[in-house]
Amino acid sequence: MAVSTTRRTWIRRLVTWGVTIVLLAWVFHTVPLAKTWSALRAAGPAAVVGLTLVYFAYSFAADVLATWATFGWFCAPLRVVDVFGIRGATYLLAIVNYNLGQGGIVYVVGKQPGVGIARATGTVLLTMGVMFVSLLMLAAWGSWTGDPSEHRLWLMRWISTGGLAAFAAYLLVIVARPAFLARRELFRPLFDAGVAGHAKAWLVRFPHVAGHVVFQWALLQVFGVRVPFSDAATLLPVTFVITWIPITVQGLGTSQVATIELFSRYAMGATLEERNAQVLGFSLALSATFLVYSLVAGLACLRTPIARSALSAGREPQASLDRMR
């Protein structure tokens, strides 16, 4: 069983790296590296580093506060400093895989007295759920207020509206509390939260999600991509979701392809290659700077014992998930 699980894990990793390499090769074949480098120079390294550093600091702080509040309400009371350490350490895990980073949180919090892995996992599901709803709300607002003739916005208008309707149906299930779901420890935080609890979790998480849209829209402007904010609020959530799909390493390749496809038309370059290069420069600069910031923040947070526990043990829940697949 262990050998089979290990083999599947390695096959999955090889496929992930293979898809990443193929997509990046296609991107750099389509967009000349020289033009991408010119776009990076035109944006200005100081402006890019300064803006992304503020962006990362805001995102980290908003994430810590939202996680601390949500887990304190529905799972286990934690000190802000401990959540800071846990999140910083799990940023190192998330560099490998986003779900692995969430697994670190589940393990550390789940080991607290009276909590358990299932309840901690359920609280993470609540967090991820309200995060996704926040993206749907931003996409719905942007698509309904944007240019009605733009086919991408028109498509997202109905996708986001349908998603919000599905969330409303989910809330009806939460109110109804069917016994076969409510009695499961995994789903108990969701039912214990109720509609009011979901609203509270959304209120503390929305500034974190909205910050990603605002800062990335601002960075697009730095690279000469003049996308209206309503369009950015609609299309950036699409790139977020695509990046989260675990078919490439850290979303590399999928993120660049999606960003070029969605935002190239807004760039100010004279030719298609120049416009693609501006968008690719934005995407690569964002990925590279956040990788560096995540490494620095994660290594700094490793000084706390609870953070070291998160890093060393974060693979256990992921291994359990692998065995279930």
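Check region 3-11 and report whether any residue there is among the aliphatic types (A, V, I, L, M), farther than 23 Å from residue 122 by Cα and modelled with pLDDT under 85. Among the residues of region 3-11, at least one is among the aliphatic types (A, V, I, L, M), farther than 23 Å from residue 122 by Cα and modelled with pLDDT under 85, which makes the answer yes. Cβ separations smaller than 9 Å between residues 6+ apart or across chains give the following pairs from region 113-124 residues that are under 12 Å from residue 77 (Cβ atoms) to residues that are assigned to a helix (DSSP H, G or I) and not polar (S, T, N, Q): 115/109. If we scan region 75-86, do we find a residue that is at pLDDT 90 or above and over 22 Å from the mean Cα position of the chain (by Cα)? No, because not a single residue in region 75-86 is at pLDDT 90 or above and over 22 Å from the mean Cα position of the chain (by Cα). On inspection, residue 171 qualifies as hydrophobic (A, V, I, L, M, F, W, C), under 20 Å from residue 122 (Cα atoms) and in contact with a helix residue (DSSP H, G or I) (Cβ under 7 Å, 6 or more places away or on another chain). Of the residues in region 251-268, at least one is assigned to a loop (DSSP other than H, G, I, E, B) and within 17 Å of residue 95 (Cα to Cα).
Looking only at region 134-168, residues that are in contact (Cβ under 8 Å) with a residue 40 or more places away in the chain and either outside any helix (DSSP H, G or I) or closer than 18 Å to residue 266 by Cα (or both) come to 10 in all.
Taken together, the residues in region 191-231 that are of a type in the set (Gly, Ala, Ser) and under 21 Å from residue 289 (Cα atoms) amount to 4.
Residues in region 208-226 that are part of a helix (DSSP H, G or I), crowded, with 16+ Cβ neighbours inside 10 Å and in contact (Cβ under 8 Å) with a residue 24 or more places away in the chain: 208, 209, 210, 211, 212, 213, 215, 216, 219, 220, 222. Taking (1) part of a helix (DSSP H, G or I); (2) touching a Lys or Arg at 6+ places or on another chain (Cβ under 9 Å); (3) of a type in the set (D, E, K, R) in turn, residue 185 satisfies each apart from (1).
Mind listing whichever residues of region 19-58 are buried (at least 18 other Cβ atoms within 10 Å of the Cβ) and not aliphatic (A, V, I, L, M)? Passing the criteria: 20, 35, 36, 52, 55, 56.
The values are calculated or read from the model by the stated rules, or taken from the named source; none is laboratory data. Predicted model, so just to flag it, every value in this text is computed and none were measured. Don't worry about glycine lacking a Cβ; one is built from the backbone with ideal geometry, like all the others, and counts go over all protein chains shown.
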